[in-house]
Amino acid sequence: MTSRRQFIKISAYGAGAMAMGAGVFGAVKHLSAPAAENLVVDTSRIPTYCEVCFWKCAGWVYKNEQGKIWKITGNDEDLNCNGRLCPRGTGGVGMYYDDDRLQTPLLRVGERGAQTFKPVSWDEAFAYISEKMKQIAKEHGPECIALFTHGSGGTYFGDLLKAFGSPNITAPSYAQCRGPREVGFIATFGEEVGSPENTDIRDTKCLVLIGSHIGENMHNGQVQEMSDAIDKGAAIITVDPRFSTAASKSKYWLPIKPATDNALLLAWIHEIIYKEYYDKKYVEKYCFGFEQLKGHVRNFTPEWAYGITTIAPDIIRETAKEMANASPAVIIHPGRHVTWYGDDTQRSRAIAILNALLGSWGRRGGFFRPEKVSIPSFPHPPFPEPSRSWRNAFPNKYKLADLALASGICEATIPSTARDCTFKGWIVNGTNLIETLPDQKQTLTAIQSLDLLVVIDTMPMEITGWADVVLPECTYLERYDSIRTGPNRKPQVALRMPASEPLYDTKPAAWMAKELSKHLGLEDYFNWTTIEEMLDWQLKQIGSSLEEMKRIGVKTFERPADDLYFSDNEEVEFFTPTGKIELYSTSFEAEGFDPMPIYTPHEEPPQGFYRLIYGRGPAHTFSRTANNPNLTDIMDENLLWVNLKVAKLWGLASGQPVWLKNQDGIVSEFPIKVRVTERIRWDSVYMVHGFGHADKRLRRSYGKGTSDTKLITRVHIDPIMGGTGMRGNFVTFLTEKPAETEVAL
Amino acid sequence: MRYAMAVDTKKCVGCSDCVVACQTENNVPIGYCREWVVEVMSGTYPQLEIEIRSERCNHCENSPCVRCCPTGASHYSNGGIVLVKPDKCIGCGACIASCPYDARYPHPGGYVDKCTFCIHRILDGMQPACVAVCPTKCMYFGDLDDPASDVSVILKKRKYKTLIPEAGTKPHLYFLI
């Protein structure tokens, strides 16, 4: 860290050198000492935690001599990032400096979706929203308003909605992402994997990645630990139709035929049981249903799986042996975005079962027991008891979903005689539902059925174009938010505080929710004067204070017990119906689902079509970052990965723009450039998700690359928990620009 | 004292965090960069390999850019770090043409800019911004004359290469392979 003495010395040299742009550097007249180039002039730092993705790494915001935000670095104390932010966190400054930001509240004046708005005052916006909310409550009930959120501000709008009388608070990160994994692991171990995941990658000897592309997804702590594991010589096994970055670091790459993962997993389970590789003591002590499982997988041999997966039997055997050799320091990684084919909960179950057989849950190098700090809510009156929820719209369905389904609420917004609860109002905070939910036609039909759509965002994302009211939120660098608390090896909390006054007429979501509560007569639920008062009260309940947190940013607490891993012969009660790790799921059986995972064949691409696979690029978080000036500088469009043989067949060359048409005749709005590569199978094409923005107000990202979401029109719903399987879509190439009529949704 | 950097191609995931951190730390204008990431694929499906390298100025011991600079703006500084004095630079671009690594760019301020190994941070006892930020910890920095430095230790342990050694520039950027 810079000492005060050095700071004074350097700042004496450096006046005027911080600002960017032409001409400014002419002011630099010193340069006798080499230290004078591009100077560190201010060591004052402001604590924050990142809002560019869900990992929420804690860091420090530094300002330059002019008092403007300069850079963000990681907080060394933070277990999520260990002092190292990822490119998106480092580039978080771009969210603040993006000149396409929303600047003032907007009220729709024309037809919905026509993008005609007038700037209004905050008071006018709140008056409009509260009147509509009251009207909906009167005519349909307060439950008919839902909140979609994928941002910190959701806490406050969530409280507002609960006070209003609606329990319908949902995040697309569940049914469109990690939901099946959590349900599969809860059925097996009685606990979810959580976020950050409790994978003990730093000490693992064998890491198995199934479609998980750590390193392209920058889930910071995991990327760091994978690197540690490589240093220590861990064997990585990557199962992916694409030669991902992780595959290039792996001992084994298994280029599996897409949609056949369950067959491979069952063959591994077969091999591990019948070669007696499993942890006998662990299975006997902790597991339920071993004999049923053994009988179930009897015929699922590596030879059986070969015909399905195209992975050779000897490779299946070798990799099973590799896992067994590492046991219990082995992780069959649960993945994160797992809504692929509609049987994803069962695939997650198979992954959980493999981990159980190898004794890795609760063991060093497998899965640790996370701890977190529980922070009490600021005192408020009890929330009213809602009379119904989104579940009423789906009687006897998705009973094992433990969170609300964003896609379900969307579906239940379209009026239908069969529905008990038809949603009339949406509040959307920090999630671009147009690009987040599959089947855009359904999303737009639902939106057109609404009486009220309020969108809170920092950027003019597509969803804001459909809103009745747009509330411009200031970025995370300009506001306080809730205390971050999340599971990790040690319990920690982190503070976010403003490094700058909000630019333009933007406001924090906490302020918006509190002001709106006054219009709704719900101000008792926001019984604090300033957010500082509330945060200080909360922090004092856990033995800290706002003053302390402003200084340290992150506070670490000791674990209540020294139990990061199971101790030898520890009696462990699992939160499952049998109290054991359920290889045979009694909760699935009770709901009429297969108690043990099976392989179901999925539809294959028709002649001339290729399976559309999508993923993440390290410099972007979905579509959220697509217009960030720092990050578009690294990657400003997505490319279509096409196998060399396929490219020859179609006469495609790298850099050539193509339009894509899917199995339902939907054509991409913008072209995407081809990347001819050996790094993908011939039956699939791949692109990074989050590009192809259609809103012209996003000047840096408009029309750059293509949106995968637009091409995902066929959705395979997971019957167990309602996850939306999105990898059953197939595309073909159009080398000429299609006629306008074909593009229409 | 001879400053050098080693990049572990076996750990680098090519995320470009080093590039972004360099840009913010050094106020490199958007659209320009002092460092960049290279991915080289070899083999045919399914026997493939990728080498990923985070590249920047090699801070050569025998630097063509310093030799060809007509004004002395390009010079060797502490520990052999190659720097440009913006006020002496006339922006002629001779150094850009002479660099075999394409490590320099014309700054819109009218001078040539490049990696400084974050000398301002080194003198403050910190690591260069790229090394400090890297999530994979794939970069090692230090003094080659100090056997205990991170870079000396790792170069003793691992196999490495330099880029375009035939140019005779004696680069100080090593790649662990």
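Do the sum for chain A: with -39,500 (n - 2.57) for every DSSP H run of n ≥ 4, divided by all residues, what is the mean residue ellipticity at 222 nm, to the nearest 500 deg cm²/dmol? Don't skip to the answer; put the middle values down first.
Details: 26 runs with 216 residues, N = 745.
One gets -8000 deg cm²/dmol as the mean residue ellipticity at 222 nm.
Please give the contour-minus-distance gain from residue A:558 to residue A:490: 0.36 nm per residue of separation, less the Cα-Cα distance, rounded to one decimal in nm.
Roughly 23.8 nm would be gained on extension.
Considering every residue in A:83-94, what mean count of other chain Cβ atoms within 10 Å of its Cβ is obtained?
Rounded to a whole number, the mean comes out at 6.
Counting pairs of alpha carbon atoms under 8 Å apart in space and at least six apart in sequence, what relative contact order in percent does segment B:3-176 give? The partial results should precede the final answer.
Numbers: 329 pairs, mean separation 53.0, N = 174.
Relative contact order for segment B:3-176 comes out at 30 percent.
So who's got an amide H within less than 5 Å of the one on residue A:373, skipping anything under 5 residues away but keeping other chains? H placed 1.01 Å off N, in plane.
Those qualifying (amide H under 5 Å, at least 5 residues apart or on another chain) are A:486, A:492.
Output ³J(HN,Hα) for segment B:116-132: one whole-Hz value per residue in order, computed from phi by the Karplus curve 6.51 cos²θ - 1.76 cosθ + 1.60 with θ = phi - 60°, and x for Gly and Pro.
10, 6, 6, 4, 5, 7, 4, 5, 8, x, 9, 8, x, 4, 5, 5, 5
Determine, from the Cβ-Cβ distance of residue B:87 and residue B:158 and an R0 of 30 Å, the FRET efficiency 1/(1 + (r/R0)^6), rounded to the nearest 0.05. It would help to have the intermediate numbers written out before the result.
On the way: r = 41 Å, r/R0 = 1.35.
Once the sixth-power term is evaluated, E becomes 0.15.
Between the alpha-carbon centers of segment A:321-383 and segment A:716-741, tell me the distance in whole angstrom.
29
Would you pull out the residues with amide H under 5 Å of residue A:456's amide H, same chain only if 5 or more places away, H placed 1.01 Å from N?
A:428, A:429, A:430, A:471
Does chain A come out rounded, prolate or oblate by the C-alpha gyration tensor, with a ≥ b ≥ c the root eigenvalues, rounded set by a/c under 1.5 and, if not, prolate when a/b is larger than b/c and oblate if not? The partial results should precede the final answer.
Details: a/c = 1.30, a/b = 1.24, b/c = 1.05.
The shape class here is rounded.
Please state the shape class of segment A:550-680: rounded when a/c is under 1.5, otherwise prolate if a/b exceeds b/c and oblate if not, all from the C-alpha gyration tensor.
oblate
Please give me, ordered by residue number, the trypsin sites (Lys or Arg not before Pro) of segment A:235-309 that lie in loop per DSSP and have at most 16 other Cβ atoms within 10 Å.
Answer by residue number: A:251, A:275, A:298.
Between segment B:83-136 and segment A:578-603, how many Å separate their Cα centres?
Each part reduced to its Cα centre gives a spacing of 59 Å.
Report the Cα centroid-to-centroid distance between segment A:499-551 and segment A:129-165 in angstrom, as an integer.
Spelled out, the Cα-based centre of one part sits 19 Å from the other.
Hey, got the dipole for segment B:3-176? About the Cα centre, +1 on K and R Cβ, -1 on D and E Cβ, debye to the nearest 20? Mind dumping the intermediate values first?
Details: 18 positive and 18 negative charges, 41 e Å.
For segment B:3-176, the charge dipole is close to 200 debye.
Using amide H atoms built in the peptide plane, which far-off residues or other-chain residues are under 5 Å from residue A:59 H to H?
Here the answer is A:48, A:49, A:50, A:75, since their amide H atoms fall under 5 Å of that of residue A:59.
With the cut-off at 29 Å, tell me which of the pairs A:56/A:540; A:441/A:518; A:372/A:399; A:321/A:648; A:138/A:540; A:397/A:424 have Cα atoms farther apart than that.
Pairs exceeding the cut-off: A:441/A:518; A:321/A:648; A:138/A:540.
Tell me the relative contact order for chain A as a rounded percent, counting alpha carbon contacts under 8 Å between residues six or more apart.
Averaging sequence separation for qualifying contacts and normalising by length gives 18 percent for chain A.
Mind scanning A:710/B:11; B:114/B:170; A:673/A:710 and naming the pairs with a C-alpha gap bigger than 24 Å?
A:710/B:11
With only Lys, Arg, Asp and Glu charged, each at its Cβ (+1 for the first two, -1 for the last two), find how big the charge dipole of segment B:1-103 is about the Cα centre; round to the nearest 20 debye.
It comes to approximately 360 debye.
Taking the Cα centre of chain A as origin, work out the dipole magnitude from +1 charges on Lys and Arg Cβ and -1 charges on Asp and Glu Cβ, in debye rounded to 20.
My answer is approximately 1400 debye.
Determine, for A:173, B:42, A:545, the number of other Cβ atoms within 10 Å of each Cβ, and report the residues in order from fewest to most.
Lowest to highest Cβ neighbour count: B:42, A:545, A:173.
Could you give each residue of segment A:572-582 its phi-based ³J(HN,Hα) in whole Hz, using Karplus coefficients 6.51, -1.76, 1.60 with θ = phi - 60°, and x for Gly or Pro?
In residue order, the calculated couplings are 10, 9, 8, 7, 10, x, 8, x, 10, 6, 8 Hz.
Sorted from fewest to most neighbouring beta carbons within 10 Å, what does the list B:55, A:303 look like?
If I rank by nearby Cβ atoms, fewest first, I get A:303, B:55.
Give me A:733, A:378, B:117 ranked fewest to most by other Cβ atoms within 10 Å of their Cβ, as a rough exposure proxy. Working shown, then result.
Values: A:733 22, A:378 17, B:117 28.
Least crowded to most crowded, the residues run A:378, A:733, B:117.
Counting only other residues whose beta carbon sits under 9 Å from that of residue B:65, what net charge do I get with K and R as +1, D and E as -1?
Cβ neighbours under 9 Å give a net charge of +3.
Relative to a virtual label point 7 Å from the Cα of residue A:649 in the Cα→beta-carbon direction, which members of segment A:583-608 show backbone nitrogen distances below 16 Å?
Of the residues in segment A:583-608, A:604-608 have backbone N under 16 Å from the label point off residue A:649.
Quick check: pseudo-label points 7 Å beyond the Cα along Cα→Cβ at residue A:736 and residue A:603, how many nm apart are they?
Once both label points are built, they end up 2.8 nm from each other.
Using a simple spin-label model with points 7 Å from Cα along the Cα→Cβ vector, what separation in nm is obtained for residue A:417 and residue A:547?
Rounded to a tenth, the inter-label distance reads 6.8 nm.
Among A:75, A:421, A:193, flag the residue with its Cα farthest along the positive direction of the charge dipole of the protein assembly as shown, charges on Cβ as +1 for Lys/Arg and -1 for Asp/Glu.
Projecting each Cα onto the dipole axis, the largest value belongs to A:75.
For the charge dipole of the protein assembly as shown, defined by +1 on Lys and Arg C-beta atoms and -1 on Asp and Glu C-beta atoms about the Cα centroid, which residue among A:319, A:541, A:612 has the Cα displaced farthest towards the positive pole?
Of the candidates, A:319 comes out farthest on the positive side.
Per residue of segment A:476-490, what does 6.51 cos²θ - 1.76 cosθ + 1.60 with θ = phi - 60° give for ³J(HN,Hα)? Whole Hz please, x for Gly and Pro, Karplus curve as stated.
Computed from phi, the couplings for segment A:476-490 are 5, 7, 10, 7, 7, 9, 4, 5, 6, 9, x, x, 6, 5, 10 Hz.
When the label point is put 7 Å from the Cα of residue B:44 along its Cα-to-beta-carbon vector, which residues of segment A:667-704 have a backbone N closer than 20 Å?
Output list for this probe position: A:676-684.
Each value in this text was obtained by applying a stated rule to the coordinates, not by laboratory testing. The structure presented is a predicted model; accordingly, all values stated were derived computationally and were not measured. Glycine also receives a Cβ, built like all others from the backbone with ideal geometry; neighbour counts cover every protein chain displayed.
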